[in-house]
Amino acid sequence: MAAPVRGMAGSPSIGNTTSFQKKTRSKLVSIPGTRPSVQNGQLLVSSGVSSLDYVIGGGLAVGTLLLVEEDCYDSYSRMLLKYFLAEGVVCGHELFLASARDHPDEIMQELPSPIVDDVAGMKISEGQSQPSDPENPDTMKIAWRYQNQPRVQTALASSVRFGHYYDVSKTMEPELQQAAKCHSFYQLQETPVTTGSRAVMGRIIRLSDTAIALESFRGSEKETNPLYKDYHGLLHVRQLPRLNCLSSEVPDTKDLAFKLKRKQFTIERLHLPPDLSETVSRVSKAELAAGCGSTAMGNKHLDF
């Protein structure tokens, strides 16, 4: 039995269609408050603190776990939590808040107020280098070889704006809080679970994708140290995520410090200024010095 011949004259052109289709790039789902990462294409959300987004690789990857080790009085780590929740409220995301100490409703009432204007974005240029004025008498306090050097860029900011800015001196409007979709879980513990085991903490860090620790200066010797007078604590990066790659992105510096200004919380590069005091520590010279084959006489140093 002969097979039917296709493509002959007078026959319908059903067989002229081909199964080949041009492969097009799949479009990412546009979710408010997200953007793809420039390193690995992973979808990112903002933590609410632009400088923290810069430290962890541009933002928090969707579906990953960020671990924040509390400071001694749980004041600054709690502020990071409020920033993250406020970012979710502004972007219209659904929230899930679980607490074993404070009621979730009380935490939601303390969220910082979003800044509508871009005034906060101009704060990025605070740490940029400015040329020194030779006529200013204050410039003579520093050595001549440092006068023409540019100031160190301490601010951490990306060239592309991501996320929103918030004013910690004000709380979020009640209308915005009521519009938020928040699911909460609350179970008060009379005795908080505390452990000093480094093995347990190390295991929790390894189970997390990103881990940072906040070291507050409050109640420590660094609080009165003049070298740290511009900061309120240090930020330690314990672990960075490895997403779609074998190794994580290495930050340009690991010396990070944070400060709480009047209206915002920011993370900066830890930069200590040169020592301008008159009593600079020097290597002590020997009390006696001997010449070539001669015995040391007196307390004077030899001059060559």
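The values are calculated or read from the model by the stated rules, or taken from the named source; none is laboratory data. The shown structure was predicted, so the numbers you read here are calculated from the model rather than taken from an experiment. Counting neighbours? That spans all protein chains shown, and the Cβs are built from the backbone with ideal geometry, glycine included.
Working only within segment 205-258, note down all residues that are of a type in the set (A, V, I, L, M) and surrounded by fewer than 14 Cβ atoms within 10 Å (Cβ to Cβ).
Correct list: 207, 227, 246, 250.
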Checklist entry - Which of (1) surrounded by 11 or more Cβ atoms within 10 Å (Cβ to Cβ); (2) modelled with pLDDT under 90; (3) in contact with a helix residue (DSSP H, G or I) (Cβ under 6 Å, 6 or more places away or on another chain) does residue 40 not meet, given it meets every other one? => result (3)
Checklist entry - What are the residues in segment 38-53 that are part of a loop (DSSP other than H, G, I, E, B), under 22 Å from residue 268 (Cα atoms) and touching a strand residue (DSSP E or B) at 6+ places or on another chain (Cβ under 7 Å), if any? => result 47, 48, 49
Next on the checklist: I want to confirm something. Restricting to segment 231-247 and keeping residues that are among the polar types (S, T, N, Q) and in contact (Cβ under 8 Å) with a residue 12 or more places away in the chain, which single residue is farthest from residue 41 (Cα to Cα)?
Outcome noted: 239
Next on the checklist: Which condition from (1) at pLDDT 65 or above; (2) in contact with a helix residue (DSSP H, G or I) (Cβ under 9 Å, 6 or more places away or on another chain) is the one that residue 274 breaks?
Outcome noted: (1)
Next on the checklist: For a quick check of your reading of the model, give me the residue pairs whose first member lies in segment 35-59 and is free of Cβ contacts under 8 Å to residues at least 40 places away in the same chain, whose second is of a type in the set (Val, Ile, Thr) and not in a helix (DSSP H, G or I), with beta-carbon atoms closer than 6 Å and at least 6 apart or on different chains.
Outcome noted: 43/34; 43/62
Checklist outcome for this item: Taking segment 91-113 and keeping only residues that are surrounded by fewer than 20 Cβ atoms within 10 Å (Cβ to Cβ), of a type in the set (A, V, I, L, M) and touching a helix residue (DSSP H, G or I) at 6+ places or on another chain (Cβ under 9 Å), one is left with 95, 97, 98, 107
Checklist entry - In segment 149-192, how many residues are touching a His at 6+ places or on another chain (Cβ under 9 Å), modelled with pLDDT of 80 or more and of a type in the set (S, T, N, Q)? => result 1
Checklist entry - Residues in segment 174-190: is at least one part of a loop (DSSP other than H, G, I, E, B) and surrounded by 14 or more Cβ atoms within 10 Å (Cβ to Cβ)? => result yes
